[in-house]
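**Q** Can you keep this structure in mind? I'll have questions shortly.
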Amino acid sequence: MKKFGLIGYPITHSFSKKYFTEKFEKQGFEDCEYEAFPLQNLSDLPELIKANPDLVGLNVTVPHKIGVIYFLDKLDPAAKEIDAVNCIKIVNQHPVEAFFSGELSSLQVRLEGYNTDAYGFEMSLKPLLHKHHHKALILGAGGAARAVAYVLHKLGITYTHVSRRSIKKQLSYKQLSKDIIRDNLLIINATPVGTYPHIEAFPDIPYEFLTSKHLLYDLVYNPAETVFLNRGKEYGAEVKNGLEMLHLQAEKAWDIWNS
Ligand SMILES: NC(=O)c1ccc[n+]([C@@H]2O[C@H](COP(=O)([O-])OP(=O)(O)OC[C@H]3O[C@@H](n4cnc5c(N)ncnc54)[C@H](OP(=O)(O)O)[C@@H]3O)[C@@H](O)[C@H]2O)c1
């Protein structure tokens, strides 16, 4: 049996559990199962892994994407730069192999961390980009926003974070003037604002300054069309929700676990 799972807290509903369970059924992977593990304290992670010796892969969600790094033996360079991990590969080690690799732990497994959010965002954004999308606003400054920033940097797009907190080099929502909106033709919502059940909520930006040259990307995928995207459409902007990114990051995790 190959076991996969999700750690986070609280886990009210799990996209990943549904996605992978359906995938296993559809593709006839009878020896695979996926379980959601609500994990309040990361210090319980080694115990969880010991108790589930069949585990080969984990997805990581809020609030553990950053803290989990301290429990890993190896960090993919992109995850290191982003400083957030949403995918762990669990490699069983032969004790001798572990000894020579210098990674001998009481678990005798090696935990490798990756960030597949960045991959999902990049692959879903790229086809929509035009030359004029060279400056961006990233709404939010959490784990997802870091993956977004990493990708924009990689693509040569300069960006500014917009935050409710007054932090150096970041804009506040109140500072978003007509000039700033017209100067940043790519706007990414990397906050949970507008997510079900609070579907009436939307990021507090001056939508009236949007144009048909704007691209609005919402990492939120439920509902499919948030108020953020809906209001963008009203002003002629191109819009994209987070569903494709979600599927791409899941498939990338699957590739990593099976590589
Ligand atoms: N589509 C996908 O594949 C995918 C992948 C990853 C994440 N996501 C989604 O991306 C969103 C952000 O994820 P995350 O892990 O980065 O979440 P997070 O750490 O909980 O929040 C990100 C940031 O959002 C801002 N924020 C939170 N509540 C807000 C509010 N009420 N009003 C304005 N800003 C608020 C905060 O920034 P400030 O305090 O600086 O304002 C916070 O740092 C979530 O909805 C998540 O589901 C989607």
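The values are calculated or read from the model by the stated rules, or taken from the named source; none is laboratory data. Note that this is a predicted model, so its numbers are computed, not measured. Neighbour counts are summed over all protein chains in view; Cβ atoms, including those assigned to glycine, are modelled from backbone coordinates with ideal geometry.
**Q** Select, from Ser177, Ser259, Ser212, the only residue that is surrounded by fewer than 18 Cβ atoms within 10 Å (Cβ to Cβ), within 30 Å of Glu33 (Cα to Cα) and more than 20 Å from the chain's Cα centre (by Cα). It would help to see each step written out before you state the result.
**A** On the way: Ser177 fails: within 30 Å of Glu33 (Cα to Cα); Ser212 fails: within 30 Å of Glu33 (Cα to Cα).
That would be Ser259, the only listed residue that is surrounded by fewer than 18 Cβ atoms within 10 Å (Cβ to Cβ), within 30 Å of Glu33 (Cα to Cα) and more than 20 Å from the chain's Cα centre (by Cα).
**Q** Of the residues that make up segment 245-252, is at least one more than 11 Å from the ligand (Cβ to nearest atom), part of a helix (DSSP H, G or I) and outside the structural domain of Asn184 (by TED's automatic domain parsing)? Give the derivation first.
**A** If we filter segment 245-252 for residues that are more than 11 Å from the ligand (Cβ to nearest atom), which is where we start, we get 251.
Keeping just the survivors that are part of a helix (DSSP H, G or I) gives 251.
Okay, now just the ones that are also outside the structural domain of Asn184 (by TED's automatic domain parsing), so 251.
Scanning segment 245-252, I find at least one residue that is more than 11 Å from the ligand (Cβ to nearest atom), part of a helix (DSSP H, G or I) and outside the structural domain of Asn184 (by TED's automatic domain parsing), so the answer is yes.
**Q** A follow-up question, please. Go through Asp179, Asp255 for me and flag whichever is over 24 Å from Gly113 (Cβ atoms), out of contact with any Lys or Arg (no Cβ under 6 Å at 6 or more places or on another chain), away from the ligand (no atom under 15 Å from the Cβ) and among the charged types (D, E, K, R).
**A** Working: Asp255 fails: over 24 Å from Gly113 (Cβ atoms).
Asp179 is the lone residue from the list that is over 24 Å from Gly113 (Cβ atoms), out of contact with any Lys or Arg (no Cβ under 6 Å at 6 or more places or on another chain), away from the ligand (no atom under 15 Å from the Cβ) and among the charged types (D, E, K, R).
**Q** When you scan segment 1-19, how many residues do you find that are under 21 Å from Ala51 (Cα atoms), assigned to a helix (DSSP H, G or I) and aromatic (Phe, Trp, Tyr)?
**A** 0
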